[in-house]
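Asks: My structure is below; once you've seen it, I'll send some questions.
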Amino acid sequence: MSLEKNTFEDKISLSFLYKRLKDWILFLFSNRGIIILGTFCFLFFTISYNYLIKPTYFARTTFVLDNDSTSSMGDLSSLASLAGINASSFIDASSLFQIDNIQELYRSNSMIKKTLMSSGNDGKKDFFLIKRFIQSENLVNKWNKLGVDTNNLGSNKTISRVKDSLIKDLIKNIKKKNLIVDKPSRKTTILEIGFDHKDETLAKTFNENLVKIVNQFYNETKTLKTGSNLKILQRQSDSVKIVLDTSIMLLAEIDQSIPNPNPLSKVNLVPYQKAMIDVQANSAIYQELLKQLELAKVTHRNNMPLIQIIDSPSYPLENSRWKLLKTIIYGMIFGLGFSIFSLSFKRTLDSL
C-alpha cells in the first residue's frame, strides 16, 4: 500500500513539474518580443561600454633570477684551494637577494619613488612619470590647492612636508591598484612585474623604468663587496709592482757599481744581497697578489649577470577591452539571461 502511494505521488510531482516547465516556456515564448528587445538593448550597452570607456593597459616584464653563483663559487673555491688561496674572504655566498627579497624590493617605497621621479619619452617629448601620473588621475588641482607646484614635480630640489606626504599616498595607491609583483610558479625563479593603467605610454614606461632601477640597484648591491675587494687588490698589486720595479732597478745599480767584486771581501757583497732579498720578497708578494686579483676578477664577473629579461612590454599593450566578436557573444548571453530572469521574477511576484 505504501509503495503504491509513493509511486502515485511521484507521478503527481513529475506531471506537476512538467506542467510548470511547459507553462514557463509558453510564457517566455509569448513574451519573445520583450526578450529580444531586452537582449539587443543589453548588447548595445555592452558594446558602447566596451568601446567608449577607456581600457586599462597591461604592461608586463618577466625575468629569471640568476642564482647559480653559489655552485660556481664552490667550484672556484676548489680551484683556489689547489693554488693555495683562501677564497672565503671574497666569495659571497649569502642569500641577500633571493627571489622573495627581490619581490619585496619591487614593492619598496624607495624603488617606486625613484621610478616616479624618473623620466620617459612618448615619441614627441620627454615627461616626468609623476607629473603624467597625477594628470591621468586628475590630481593636479588637488595638489595645486595644497601648495605643491605640479610643474616642478620631477625636481628633487623642491622638498616639502606636504609634497612628501602626497607622494607617499601616491605610492600606497600604486601598490594597491597598479603594481603587480607575481611569481607564476613556486618551482621556478621567474618573476613577473606588471603595471596596469589607462595611460598606455605611462604603463609601459613605468614598468620599464622600475625594472631598470631595481636591476641597477640589485647589481650595485650584489657586487658591492666583490667590487670593493677588487679595487683594493688592484691598488695593492699596483703599489707592490712599483716597489718591485724600484728594487730591481736598485739591484741593477748595485750590481753595475761593482763589476768585478772581490770574493774575499764579504762586506762589499752585503748591499747586493740585501737588494736581492728585497727583489725576491717583492716578487713573491706580487705573485700572490696577482693570484688573489685574478680570482677576485672571476668572482666579480660571476656576480654581474643577475637578472635575465625574458619578455618586456611592447606596443600595442594588451588591454581590458574585449574583441568585437567576444563582446557580441557575451552581450547576447548576458542580455538573454537578464531578460529571462527579469520576466520570470516579475511573473513570480505577480503570482503571489
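Read-outs throughout are calculated quantities, based only on the coordinates presented, and are distinct from any laboratory measurement. In this text the structure is predicted, and so the values were computed from the model without any measurement. Using ideal geometry, Cβ is built from the backbone for each residue, glycine included, and neighbour counts are taken over all protein chains shown.
Asks: Starting from the Cα of D238, step 7 Å along the direction of its Cβ; do the same at K168; then give the gap between the two resulting points in nm.
Replies: Result: 4.5 nm between the two label points.
Asks: Could you tell me which of N260, I277, L233 has its Cα farthest along the dipole of segment 227-302 towards the positive end, charges placed at Cβ (Lys, Arg +1; Asp, Glu -1), taken about the Cα centre?
Replies: Of N260, I277, L233, it is L233.
Asks: Considering only lysines 8 or more places apart in sequence, or on different chains, count the pairs in segment 227-302 whose C-alpha atoms sit under 29 Å apart. Can you show the working numbers first?
Replies: Working: K231/K241; K231/K291; K231/K297; K241/K274; K241/K291; K241/K297; K266/K274; K274/K291.
Close lysine pairs under the 29 Å cut-off: 8.
Asks: Now a separate question. For segment 59-65, just list the computed ³J(HN,Hα) in residue order, Karplus coefficients 6.51, -1.76 and 1.60, θ = phi - 60°, integers in Hz, with x standing in for Gly and Pro.
Replies: 9, 10, 10, 10, 8, 10, 8
Asks: Another question about this same structure. Gain in length, K19 to L146, computed as 0.36 nm per residue apart minus the alpha-carbon separation, to one decimal in nm?
Replies: Contour length minus the Cα-Cα distance gives 38.8 nm.
Asks: What does the charge add up to near K175, with Lys and Arg as +1, Asp and Glu as -1, over the other residues with Cβ less than 13 Å from its Cβ?
Replies: +3
Asks: With an 8 Å cut-off on Cα pairs and a minimum separation of 6 or more residues, tell me the relative contact order of segment 227-302 in percent.
Replies: 53
Asks: Continuing with the same structure: Give me a comma-separated list of calculated 3J(HN,Hα) values for segment 222-236, in order, Karplus coefficients 6.51, -1.76, 1.60 applied at θ = phi - 60°, integers in Hz, x for any Gly or Pro.
Replies: 5, 9, 5, 5, 5, x, 5, 5, 5, 5, 5, 5, 5, 5, 5
Asks: Quote the Stokes-Einstein diffusion coefficient, in whole µm² s⁻¹, for segment 227-302, based on the Kirkwood radius over alpha carbon pairs, a temperature of 25 °C and a viscosity of 0.890 mPa s.
Replies: 173
Asks: Separation between the K114 and I53 pseudo-spin-labels, each 7 Å from Cα along Cα→Cβ, expressed in nm?
Replies: Distance between the two pseudo-spin positions: 3.7 nm.
Asks: Starting from the amide H of H197, placed 1.01 Å from N in the peptide plane, find each other amide H under 5 Å away whose residue is 5 or more places distant or on another chain.
Replies: It is Y57, A59, by chain and number.
Asks: If you project the alpha carbons of segment 158-208 onto the principal axes, what extent comes out on each, in Å, largest first?
Replies: 45, 23, 18
Asks: Ordered by residue, what ³J(HN,Hα) values in Hz, to whole numbers, does segment 322-335 give under the Karplus form 6.51 cos²θ - 1.76 cosθ + 1.60, where θ = phi - 60° and Gly and Pro are x?
Replies: 6, 5, 4, 5, 5, 5, 5, 4, 5, x, 5, 5, 5, x
Asks: What is the set of long-range amide H partners of L139 at a cut-off below 5 Å, with H atoms built 1.01 Å from backbone N?
Replies: Excluding prolines and chain starts, which carry no amide H, there are no hits.
Asks: Sticking with this one: Would you mind putting 50-63, 115-128, 22-35 in packing order, based on average other-beta-carbon counts within 10 Å, highest first?
Replies: Top of the packing list down: 50-63, 115-128, 22-35.
Asks: For the pair D100/M332, report the inter-label distance in nm, with labels modelled 7 Å from Cα in the Cβ direction.
Replies: A separation of 5.1 nm, rounded to one decimal place.
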